[in-house]
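Structure first, then comments.
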Amino acid sequence: MKKRHLKAQCVLAALLLIFCFNGCHSGRTQKQGPFIKGVYGNPGSLLKAGYNFEALGVNALFVRSHSLNDALYRTAREQGCQVFVEFPVLNGRQFLENHKQCQPIDAEGEASGPADWFMGICPTCPDFKADRQQHLKDLLTRFKVNGVFLDYLHWHAQFETPDPILPETCFCARCTDIFSKTYRIELQGETTADVSNYILSFHDREWRAWRSSILTEWIRDLKHIVKSKQPESKLGLFYCAWYPEEYDAALHRILGIAIDDFINVADVLSPMLFHHMTDRPVHWVSDYTTWLDSVCNFTRPHNKPDIWPIVQAHNSPGTVSPEEFREVMQQGMSPPSGGIMMFSDVSLLQDPRKIEVMKALYKVEPK
């Protein structure tokens, strides 16, 4: 693990030197709006505990879609908060209970089981996509929000751990047929295992590119719904904050994430910088946001997306002390960040000292 991190840091340093010649600069790089001081999860729990968003310095709520209700929405507006809603995309556990045709299939032709607590889904399943699109439309009909943050933006896998679970999916007949037609490749083999072996042996590059295109298509289609119903709302993306080279390039190879595509389609990028979960040093938070800003300068120098990292307050694994929480928040609030939020409201209530840390930081306007 340490060797992987050292390699990533060396690559980071090299990339920074390259990208700085392409317009990299210090200080706030965002669109000069107010600095976002957020809480992620179900911030209504803070209200029930007797806290006031305005008194805490909070000016933005990032609410799970199932936790947003009329009372929370109304109170947030009364207390001067922007409201952003988290919208789960490719988390398929509940849907799969009654829709087995959407199960992700591994390279041996077997239904892929849960990756720890996470259960993904086949991204080409039309029934699931129609379900997600309708849920988003219903949500935006009920609430006028400042933005929608898409979550679970990856093919079936688990990355919130030092030892990721990275299955090869999805080799269902639907996926392989679409892939075959897209690239005009005549696939060879009688069984799913034969077909997957043929693809990975002779057309691996096309297969990885196709998988990324499917994920990007999901984002573009959901963005179209957001912008058609609420043109002023931002589209944000929560996503795995790996460097492209890590875990044998698994960010693209397994998760299907093409970071340039994310940069080009998003209004806001929110890398999931959960340092304890992934066994990273605290300085990884600012290292990554600096790297990401440099890539944004290179990929989309005009009207580039904002960067609002989400950091860890949650005590699992181990314990994030109030002092460590303060440090990770400071890292996440440093330039080029235009906003910050933490995972999650529950962790704050479990240790009120963290609430005091958040309040002290949020009552001072970042430079």
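The values are calculated or read from the model by the stated rules, or taken from the named source; none is laboratory data. What you see is a predicted model; the values in this text were computed from it and never measured. Note that we place each Cβ from the backbone using ideal geometry, even for glycine, and neighbour counts take in every protein chain shown. Note: accessible area is taken over every heavy atom of the protein model, side chains too, but ligands, DNA and RNA are not part of it. Shrake-Rupley method; radii C 1.70, N 1.55, O 1.52, S 1.80 Å.
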Checklist entry - So which residues in segment 155-206 are under 30 Å from ASP279 (Cβ atoms), in a helix (DSSP H, G or I) and touching a residue at least 24 places away in the same chain (Cβ under 8 Å)? => result LEU200
Next on the checklist: For segment 67-105, give me the residue count where each residue is part of a helix (DSSP H, G or I) and either within 18 Å of the chain's Cα centre (by Cα) or more than 30 Å from ILE36 (Cα to Cα) (or both).
Outcome noted: 7
Item to check | Evaluation of GLU323 against (1) surrounded by fewer than 24 Cβ atoms within 10 Å (Cβ to Cβ); (2) assigned to a loop (DSSP other than H, G, I, E, B) (one fails), failing number | outcome: (2)
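For segment 107-116, enumerate the residues that are in contact (Cβ under 8 Å) with a residue 40 or more places away in the chain and either surrounded by 18 or more Cβ atoms within 10 Å (Cβ to Cβ) or in contact with a strand residue (DSSP E or B) (Cβ under 9 Å, 6 or more places away or on another chain) (or both).
Taking segment 107-116 first, the residues in contact (Cβ under 8 Å) with a residue 40 or more places away in the chain are 107-109, 112, 115-116.
Result: ALA107, SER112, ALA115, ASP116.
Can you go through PHE84, PHE143, PHE159 and tell me which one is among the aromatic types (Phe, Trp, Tyr) and under 20 Å from ILE257 (Cα atoms)?
Working: PHE84 fails: under 20 Å from ILE257 (Cα atoms); PHE143 fails: under 20 Å from ILE257 (Cα atoms).
One residue alone meets the criteria, PHE159.
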Next on the checklist: All but one of (1) within 28 Å of TRP308 (Cα to Cα); (2) open to solvent by 60 Å² or more (accessible area, probe 1.4 Å); (3) not charged (D, E, K, R) hold for GLN101; state the number of the condition that does not hold.
Outcome noted: (1)
Checklist entry - Of these, LEU200, LEU187, LEU222, which one is modelled with pLDDT of 95 or more and open to solvent by less than 10 Å² (accessible area, probe 1.4 Å)? => result LEU222
Checklist entry - Hey, among PHE95, PHE143, which residue is open to solvent by less than 20 Å² (accessible area, probe 1.4 Å) and at pLDDT 95 or above? => result PHE143
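Among the residues of segment 117-131, how many are assigned to a helix (DSSP H, G or I) and surrounded by 22 or more Cβ atoms within 10 Å (Cβ to Cβ)? Write out each step before concluding.
Let us first name the residues in segment 117-131 that are assigned to a helix (DSSP H, G or I), namely 126-131.
Add one more test, that the residue is surrounded by 22 or more Cβ atoms within 10 Å (Cβ to Cβ), and what stays is none.
Residues flagged as assigned to a helix (DSSP H, G or I) and surrounded by 22 or more Cβ atoms within 10 Å (Cβ to Cβ) within segment 117-131 amount to 0.
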Next on the checklist: Condition first: touching a helix residue (DSSP H, G or I) at 6+ places or on another chain (Cβ under 6 Å) and either outside any helix (DSSP H, G or I) or open to solvent by less than 40 Å² (accessible area, probe 1.4 Å) (or both). Now tell me which residues in segment 332-367 satisfy that.
Outcome noted: GLY332, SER334, PRO336, SER337, ILE340, ASP345, LEU348, LYS354, ILE355, VAL357, LEU361, PRO366
Checklist entry - Are there any pairs with C-beta distances below 8 angstrom linking a residue in segment 286-303 that is at negative phi to a residue that is assigned to a helix (DSSP H, G or I) and of a type in the set (Asp, Glu), with the two at least 6 apart or on different chains, and if so which? => result VAL295/ASP260; THR299/ASP260
Item to check | Selection from segment 272-318 of residues that are in contact with a Cys (Cβ under 8 Å, 6 or more places away or on another chain), closer than 20 Å to PRO34 by Cα and open to solvent by less than 10 Å² (accessible area, probe 1.4 Å) | outcome: ASP293, PRO305, ILE307
